Every structure is written in structure tokens, then in C-alpha cells.
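Just so it is clear, none of the values below were taken in a lab; they were calculated from the coordinates. Given the structure is predicted, the values throughout are model-derived calculations rather than measurements. Please note: Cβ atoms are built from the backbone with ideal geometry, for glycine as well, and neighbour counts cover all protein chains shown.
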Amino acid sequence: MWSATTCSRFAATQERLFARTGQLKPALYTLRVLLTGRHLMRTGELEADLNVLGAELPYVSDLIATKREAEHGPFPPRAEDALLRDLPRLRAELEAARDESHLPERPSPEAVDGLHDLVVRTRLG
């Protein structure tokens, strides 16, 4: 199940990987999951495009461009301070959005069945 707790755990794992390796990819994963979770909790809509979600963070477009050049390349040093400053705030915003969300804690059985049917039809068809 996709939840704010799942987002926080995955983000923490990716953040530790970034701290250990300094690679760009886990930093982008950290940003994506925090921003996606925050957006989902606030709006009920799933948006995973970091170009859209990261518009508020001026360095995100540079990070995406850098990743396109080198999948596991080093993190641009000038953006690292901004990222490290933003991560605690984004994590806190995700948790606040979870606490204020009107989304149900669990999907309805009908929604789960409908999603299952959609995935099966898509794969077969």
C-alpha cells in the first residue's frame, strides 16, 4: 500500500544511499518520493513527474539534466547544500500532509479489485 509512512521509509533509505555514495540517482529518488507523497496526501492525485513536482525547487531541473548525462554520476556540489537544507522540510511537509489528508487509510475492496482487473486487462491486451 502506498502511504506517507512508505514514502518516508523509502526516502530515508535513498537518502542514506546518497549520503554514502554521493550519487545523483538516490538523491532524485528521495526528492521524487517525498514530493509525490506530499502531493498525493494534499490532493488525492498521483503525480510522479519530478519536472512538475520539483518546480518549487530551482535546482531540480539541473539535477534532472545532469542525471540524463550520467545515470550514476556525481551530485553537482552547488546543489547539494540546497538539497540537504530542503529534505527535512519536505519530510515534515509530507508528515503534515498525511495528518491533514482526507484520504482513507486503506483503499476500498472495490477499488483494489478494479485496479487488479485494469492491470490484468492491460497486460493481456
- [ ] Before rounding to the nearest 500, sum -39500 (n - 2.57) across all DSSP H runs of length at least 4 in the chain and divide by the residue total; then give [θ] at 222 nm in deg cm²/dmol.
- [x] -24000 deg cm²/dmol
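Please go through the range 96-125 and write out the GluC sites (Glu not before Pro) that DSSP classes as loop and that have at most 13 other C-beta atoms within 10 Å.
Numbers: sites: GLU100, GLU105, GLU110; in loops: GLU105.
Within the range 96-125, the qualifying GluC sites (Glu not before Pro) (loop, at most 13 other Cβ atoms within 10 Å) are GLU105.
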Task: Cα convex hull volume per residue for the range 1-71 (Å³) - done: 84
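Restricting to DSSP loop positions (anything but H, G, I, E, B) with no more than 13 other Cβ atoms inside 10 Å of their own Cβ, which trypsin sites (Lys or Arg not before Pro) remain in the range 1-41?
On the way: sites: ARG9, ARG16, ARG20, ARG32, ARG38; in loops: none.
Hits after loop and neighbour filter: nothing returned.
For ARG16 and VAL120, calculate 0.36 nm times their separation in residues minus their Cα-Cα distance, and state this gained length in nm to one decimal. Before the final figure, lay out the partial values.
Numbers: separation 104, 0.36 × 104 = 37.44 nm, distance 3.56 nm.
So the chain would gain 33.9 nm between ARG16 and VAL120.
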Open item on the list: From the convex hull of the Cα coordinates of the range 4-124, what is the mean projected area in square nanometres?
Closed with: 8.8
